Amino acid sequence: MDNDSQSTVPAATNYPAAGSFGTSVGLAAGGANLGVPQVEDLPRFALDMRSGDAAREVEATRGVRKLLSVERKPPVEEVLAQNILPLLVGLLDRDGAPTQLQFEAAWALTNIASTSFTRALVVHGAIPPLTRLLLSPSADVREQCAWALGNVSGDCPELRDMVLQHGALRPLLQNVLAPASESMLRNCIWSLSNLCRGKPQPHVDLLRPALPVLAQVLASSSDPECLQDTAWALSYISDGDGARIQAVLDAGVASDLVKHLTHPLPNVVTPVVRALGNLVSGDDEHTQAVIDAGALTCMPSLLRNCKKNIRKETCWLLSNIAAGNRQQVHALATTQALVKAVLTQMSQAEWEVRKEAAWVVSNVATGGSGQHVHMLVELGVLKPLSDLLDAADVKVIEVALDALEAILKVWKTGVPLAHGECDYMVLLQEADLHERLEKLQEHASEKIYRRAVDIIENYLGVEEEEELGDKLQNEFGQGMYGFQAAAPVGASNKGFDFSSFGH
C-alpha cells in the first residue's frame, strides 16, 4: 500500500526570506544608512532619472534604491505613483548604461520584487533586461539580476514560467558553474531553486539542463545554504511521475543525497530527506537505486533526530520503500535497528510521526513474508498497533487494521518461525486487541465497523478464545510461560537470525 500523504509539497520555511512564495531583498551595502533619502525626494529623483546626465541618474537611482531597502514598509506604492518603475527598467535596459547605474536599478527592482508588487515589474518589461544582464561583465550586476529574477520566479508559478520562457535558466547556470563569489553562488542557486519550485510544475525537459549543475554542487559544495537550496531544487524536480524521478536519478545524485543525510544542520537534512522520499515513490527500480546508495543505514539516526519534521519525513520515505517489492521490504525489515526505531516512533512520538510510522509497519506487514511479520511481532508491534485503534483519525485506524489483519493471517496460516518461539495468543491478549476490535463495532464508519467484525469472526472467534483460555490455564497452572515475550522496543533481540528470512 502506498502512502500518498506527502504527495504535495508543504509550504517551505527554509528559504532566504519568508516571502509569499520564495522572495528575498537585495544586496546589503556599507553606507546604505548614510544620508537616507525621504519619500518627499521621489519627484526630484524621477526628474533626475530622466535628465540624461549619468551622474544625476546614478545618484537618483541610488536614492530610490535606499528608500526601497528599508526593512519595514518600503514606500513601493509611492515609487509606483511617481512612475519610477518604468524608469528603472529603462535605465537597466539602456545600451551603454554605466555599470553602477545598472547595479542600482537592478537592486531597486529586486526590492520591489520582494513585495506584493512583483507583477508590476513584469508588466513594465523587467524580465528581458534582467535576463540579458545575467551575462554582464560586472559580477555585481549579474548577481543582483539573478536575485531579482529569483524573486520574480518565487512570486507564483505563472511568473516563474515567464522567467523560464525568457531563457533565464542557462545564463543562471553559467553563473553557478563559474561564480564570482560565494554570495553569487548562493544567490544563483537560490534563484535556481525558485525556477524549479511550485505547482503546476514546469515540464521536466525545461529543467533538465539544471540537473548536472545541481549534481555538481551537491557533490562539491560544503556551504550549507548552497546544499540546502540544491536539495530543495532536486526535491521539486523529482516530485511527480516516473519521468521526473528518472531524470533526477540519471543525474547521479542518489549517493550524494544519501551522504548529506548525516549533515549536522536540519535545514540541509530536511530537503535531502524530501528528495530521497520522492525518488522512492516511483517504481521498484527507482526505489532500488536509493537502497543501493546506502540510504537505509542512515535511517535509524534520522529517526532519533530532535526535529519532528525530519522524523516524520523519514517515516514517509521508509513507507515508500516498504511499499516496494519483496526484496526491498526484506532490506528494510532485516535492518533490526531501523525496525526498532520505527516501532519507537509509532508508539512514543508526536501524533504526526506516529501516523507515518504506522504506514511503514503496515506496508511491511502486508507486503513482506511470514518471517517479516514474525519479526515485527517479536519486536513488540502488536501493542502499539492495537493502541492506534483508539485514534480519531479514520485513515490511521484503517492502516492499523491492514497491518493487524496481515499479522493475524500469518498466525492462522501457521507460517513457521525461523528461530525462537512467539505465542501470538498471549501477545494478542496483552495488546487488548479483542476489546478494541469490539469497541470498533460501535464506530461511526461502517467500513471500520465491518472490518472489525470480519477480523473477530475470521481470526478471534469463540474457538480462538477457548484455545487462549486453555493455554493460559495450563501455563499459569504450571507456573511457567511457554512463549518468548515480545522484546520491548529498542531492546536486544538476540538469537533472531535475520539471514534466514525468506524473500
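The values are calculated or read from the model by the stated rules, or taken from the named source; none is laboratory data. The model shown is predicted, which means the values in this text are computed figures rather than measured ones. Here the Cβ is made from the backbone with ideal geometry for all residues, glycine too, and neighbour counts use every protein chain on show.
So that you can scan it fast, the table gives a plain yes or no per residue for (1) surrounded by 17 or more Cβ atoms within 10 Å (Cβ to Cβ); (2) in contact with a Lys or Arg (Cβ under 6 Å, 6 or more places away or on another chain); (3) under 30 Å from Asn175 (Cα atoms):
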| residue | (1), (2), (3) |
| --- | --- |
| Thr230 | yes, no, yes |
| Ser235 | yes, yes, yes |
| Gln246 | yes, no, yes |
| Asp256 | yes, no, yes |
| Leu261 | yes, no, yes |
| Pro271 | yes, no, yes |
| Thr287 | yes, no, no |
| Cys298 | yes, no, no |
| Ser301 | no, no, no |
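Return the only residue of Ala293, Ala337, Ala275, Ala333 being over 18 Å from Ile237 (Cα atoms), surrounded by 23 or more Cβ atoms within 10 Å (Cβ to Cβ) and among the aliphatic types (A, V, I, L, M).
The unique qualifying residue is Ala333.
Of everything in the range 230-247, what is in a helix (DSSP H, G or I) and over 14 Å from Ser193 (Cβ atoms)? Give them in sequence order.
Answer for the range 230-247, where residues must be in a helix (DSSP H, G or I) and over 14 Å from Ser193 (Cβ atoms): Gly242, Ala243, Arg244, Ile245, Gln246, Ala247.
Residues that are assigned by TED's automatic domain parsing to the domain that holds Ala391 and at pLDDT 65 or above: does the range 460-482 have at least one?
Yes - at least one qualifying residue is present in the range 460-482.
Could you please give the count of residues in the range 304-359 that are among the acidic types (Asp, Glu) and in a loop (DSSP other than H, G, I, E, B)?
Number of matching residues: 1.
Tell me, which residue of the range 417-433 that is at pLDDT 60 or above and in a loop (DSSP other than H, G, I, E, B) is nearest to His374 (Cα to Cα)?
Top of the filtered list is Cys422.
List pairs: first in the range 291-305 and at pLDDT 95 or above, second assigned to a helix (DSSP H, G or I) and of a type in the set (Gly, Ala, Ser), Cβ under 6 Å, 6+ apart or cross-chain?
Once the first residue is at pLDDT 95 or above and sits in the range 291-305, its partners that are assigned to a helix (DSSP H, G or I) and of a type in the set (Gly, Ala, Ser) give Ile291/Ala331; Ala293/Ala254; Ala293/Ser255; Pro300/Ala337; Pro300/Ala341; Leu303/Ala341.
Consider Lys312 carefully, then state whether it is over 20 Å from Gly324 (Cα atoms) and either among the basic types (Lys, Arg) or touching a Cys at 6+ places or on another chain (Cβ under 7 Å) (or both).
For Lys312, the condition - over 20 Å from Gly324 (Cα atoms) and either among the basic types (Lys, Arg) or touching a Cys at 6+ places or on another chain (Cβ under 7 Å) (or both) - is not met.
Being over 19 Å from Gln174 (Cα atoms) and among the small types (Gly, Ala, Ser) narrows it down to one of Ala139, Ala97, so name that one.
Ala97
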